[in-house]
Structures are given as structure tokens and as C-alpha cells.
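What follows is calculated from the coordinates using simple rules that are stated; it is not laboratory data. Keep in mind that what you see is a predicted model, and the values were worked out from it rather than measured. Neighbour counts run over all protein chains shown; Cβ positions are idealised from the backbone, glycine included.
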Amino acid sequence: MPAPRFLWPALAGLCAVAAITAWLLLRLRISPQERERRRRIFVHLHGRLADATITDFSDSAVFYGYMVAGVEYSASQDIAPFRDSLPPDLTRLLGPAMLKYMPANPANSILICEDWSGLRLRC
């Protein structure tokens, strides 16, 4: 008994959809570094400004605290991508700074990104 006439076009269409889906999944896979870069840019473009206090640092991170709507937040940000534009003596970063945060999720914040910096360098 021969296969129905619509079976072969349906199978060909199904294979095409599977191939396109596989290609998109492989093409759209992004690295964690790229995901973080996109997050920083998004917060920069859509976030609100607030005051922060930088409390500590390491070679690759800065630790800070801030208050939004009466709630205190403590956070850190990886500064490794910006290390070349920061001073060699990171103690100059300690103290007041500006940050950007997302109003819907104030814990999502940044001190520095590719296009903006809230860091104040003390002399």
C-alpha cells in the first residue's frame, strides 16, 4: 500500500522546521560574559539613579551598599572587564558613588558599564 500523497511534503516540512530550530538554538547560544554585558547595558539604558557607598573591593569585584524605598541592599559587581580604565590603587574607589538599578527589581544594579560609570575617584 503506497504512502498517502501528503506524507512526504509533511515529513519534508517537519525536517526543515527541525533543522531551522537546531540552527537557531546553536546560533543564539550566548556566553555568560555576553549575557552579563547585555544585562549591564539594559540596566544602564532603563535603570534609575541612586546613591551608593563602595565598602570593599578585590582585584576583580567591587562591593557596595545602597538604599531604595527604605530597603537596604548589598551587592557586588565584577569589574574585570573595566580594569584597564580603573586606577591601579582601588582604595581610591572607596566611599560614595552613583549606581543604576531596575525599578522593578532594585537588587539588579550596576556601578559601571561600557557606556557609563558611577564611580567617583577620590584624590
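In this structure, the amide hydrogen of Leu119, modeled 1.01 Å from its nitrogen in the peptide plane, lies closer than 5 angstrom to those of Met98, counting only residues at least 5 positions away or on a different chain. The charge dipole of region 55-123, taken about its Cα centre with unit charges on the Cβ of Lys, Arg, Asp and Glu (plus for the first two, minus for the last two), comes to roughly 220 debye. Each Lys and Arg adds +1 at its Cβ and each Asp and Glu adds -1 at its Cβ; summed about the Cα centre, the chain shows a dipole of about 540 debye. Taking Lys and Arg as +1 and Asp and Glu as -1, the other residues whose beta-carbon sits under 15 Å from that of Ala104 total +3.
Under the classification rounded if a/c is under 1.5, otherwise prolate if a/b is larger than b/c and oblate if not, where does region 42-82 fall, given a ≥ b ≥ c as square roots of the Cα gyration tensor eigenvalues? Oblate, because a/c is 1.5 or more while a/b does not exceed b/c. A dipole drawn for region 32-110 from +1 and -1 charges on Cβ atoms has a positive end, and of Ser109, Tyr73, Ala61 the residue lying farthest that way is Ser109. Rounded to the nearest 10 degrees, the inclination of helix 32-46 to the longest alpha-carbon principal axis of the chain is 70 degrees. Between Ser60 and Arg120, the contour length at 0.36 nm per residue exceeds the alpha carbon distance by 19.8 nm. If you wrap the Cα atoms of the chain in a convex hull and average its projected area over all directions, you get 11.9 nm². Could I have the simple spin-label model distance between Leu90 and Leu25, label points 7 Å from Cα toward Cβ, reported in nm to one decimal? For Leu90 paired with Leu25, the spin-label model returns 3.9 nm.
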